[in-house]
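Structure record follows, encoded as structure tokens.
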Amino acid sequence: MADSPRRDRVCAGSVSAVVDLEAAIGFVVAHGDAVERARLSWLRNGTPVPAEVLETAEVGQAPDGGWPATWGGDVASIDATCFRLAELDDLGALGRPAARRALDWLASRQQADGSWDEDPSLAGSAPEWARPGDPEAGLFVTANAAFWLTVAGLDARAAGPLDHRVGGVYAGVVQGAAQSLAARLRPDGSWPSFLAAGWLSAAVLHRQDMFQESARIQVVLAERLTAMSPGDVAWLAATLRRVGIDPQDWIMVRALRRLAETQRSDGGWESDDGHQFDVHSTLSAIRACRPAPTG
């Protein structure tokens, strides 16, 4: 059954302002490439993605399972691999062999203390958020890798009674990561890293039933919402929604209100990484706003 016009018009939630989903959809249709339009169709209606589009989204995967970054030559990057997994998630493709290899690669790269770090050979080319050996970058890539391994576990549990542990087959990896993330939190709930490490960590800790630690981070994030960029708010909201935080939860209500305030007249949201990523930010906002599944 097709979505009702009301569902495509505004973002559900108890907010004084509403996201114009119809305009957001129009922005992706007008400016997205074939992969991005397929992501939109899957997010809206679960439309099956053509094989050739999936293959395009998976192109460039290294033999070890990760994806290299544009700045990293042929060396697989944790940051780049997590970005690819985000795209594949929007295509309903986390169960495909390419994504499973990537997830296995992420799990294999975890260090003894539960954290992750980029390959040392990338030190000369990596941006500040992925610089190997840097503690702030290490916390960010740890939260990012742990988030996608958490998502993989959620999907495995939803698909059938294969592994009921939180994190599924990656349960031990995610548990170790959560402990590592919690150990880096400051008493006031802040963290010594980039802003995105906060919402990624909050999502991981929430799914590990470490609700107090997750809530402390969410309080800090809520205080910073009004100063966040549109792309960051979209990423935050999509991240928390992906791990099951309800749209009516207090932080989601505030995030959705901020999305409504920052949506452009053309229907899109601006990315911090340049206008070529505006469609990606807009898809994140659509993921955050789409109606919860029923049944």
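The values are calculated or read from the model by the stated rules, or taken from the named source; none is laboratory data. Model, not experiment: these values are computed from the prediction. Reconstructed Cβ throughout: ideal geometry from the backbone, glycine too, with neighbour counts over all protein chains shown. Each accessible area value is taken on the protein alone, full model and side chains, heavy atoms only, with ligands, DNA and RNA left out. Shrake-Rupley method; radii C 1.70, N 1.55, O 1.52, S 1.80 Å.
Ranked from largest, the principal axis spans of the Cα set of region 167-295 equal 44, 38, 27 Å. For a modelled paramagnetic label at residue 194, 7 Å from Cα along Cα-to-Cβ, the residues of region 239-269 in reach, with backbone nitrogen under 16 Å, are 239. Could you tell me what percent of the accessible area of region 224-285 is made up of carbon and sulfur, with a 1.4 Å probe and every protein chain present? C and S fraction of accessible area: 46 percent. Surface analysis of the chain yields an accessible area of 44 Å² per residue, using protein heavy atoms and a 1.4 Å probe.
With a 10 Å cut-off between alpha carbons and a GNM built on the chain, which of 56, 226, 142 moves the most? For the chain, modelled as a Gaussian network with Cα springs under 10 Å, the answer is 56. Within the accessible area of region 34-85, the carbon and sulfur atoms contribute 55%, probe 1.4 Å, all protein chains present. Between residue 121 and residue 52, the modelled labels are 3.4 nm apart [label points 7 Å from Cα along Cα→Cβ]. Approximating the spin labels as points 7 Å out from Cα along Cα→Cβ, the residue 155-to-residue 273 distance works out to 1.8 nm. Across the options 68, 48, 230, the greatest Cα extent toward the positive end of the charge dipole of the chain (unit charges at beta carbon of Lys, Arg, Asp, Glu) belongs to 48. Along the axis of the charge dipole computed for the chain (Cβ charges of +1 for Lys and Arg, -1 for Asp and Glu, origin at the Cα centre), the listed residues 132, 35, 175 are led at the positive end by 175.
A Gaussian network model of the chain, with springs between Cα atoms under 10 Å, assigns the largest mean-square fluctuation among 186, 84, 109 to 186.
By the Cα gyration tensor, the chain has an equivalent ellipsoid whose semi-axes, rounded to whole angstrom, run 27, 23, 19 from largest to smallest. Legend: Rg and Dmax of region 237-291, from Cα coordinates, 11.2, 32 Å.
With a ≥ b ≥ c the root eigenvalues of the C-alpha gyration tensor of region 191-241, is it rounded (a/c under 1.5), prolate (a/b larger than b/c) or oblate?
On the way: a/c = 1.91, a/b = 1.53, b/c = 1.24.
The shape class here is prolate.
Dividing the summed helix terms, -39500 (n - 2.57) for each DSSP H run of n ≥ 4, by the number of residues in the chain produces a 222 nm estimate of -17500 deg cm²/dmol to the nearest 500.
Full extension of the chain segment joining residue 266 with residue 179 gains 27.1 nm, where the gain is 0.36 nm per residue of separation less the Cα-Cα distance.
For region 98-238, what class follows from the C-alpha gyration tensor (a ≥ b ≥ c being the square roots of its eigenvalues): rounded when a/c is under 1.5, otherwise prolate if a/b is larger than b/c, else oblate? Here region 98-238 falls in the oblate category.
I'd like to know which of 285, 259, 245 lies farthest towards the positive end of the charge dipole of region 231-289, counting +1 on Cβ of Lys and Arg and -1 on Cβ of Asp and Glu. Toward the positive end, the furthest listed residue is 245. Between residue 74 and residue 59, the modelled labels are 1.9 nm apart [label points 7 Å from Cα along Cα→Cβ]. Among 217, 245, 78, which one shows the highest mean-square fluctuation when the chain is modelled as a Gaussian network with alpha-carbon springs under 10 Å? Maximum among the listed residues: 245. Overall, the chain carries a charge dipole of about 960 debye about its Cα centre when +1 sits on the Cβ of Lys and Arg and -1 on the Cβ of Asp and Glu, all other atoms neutral.
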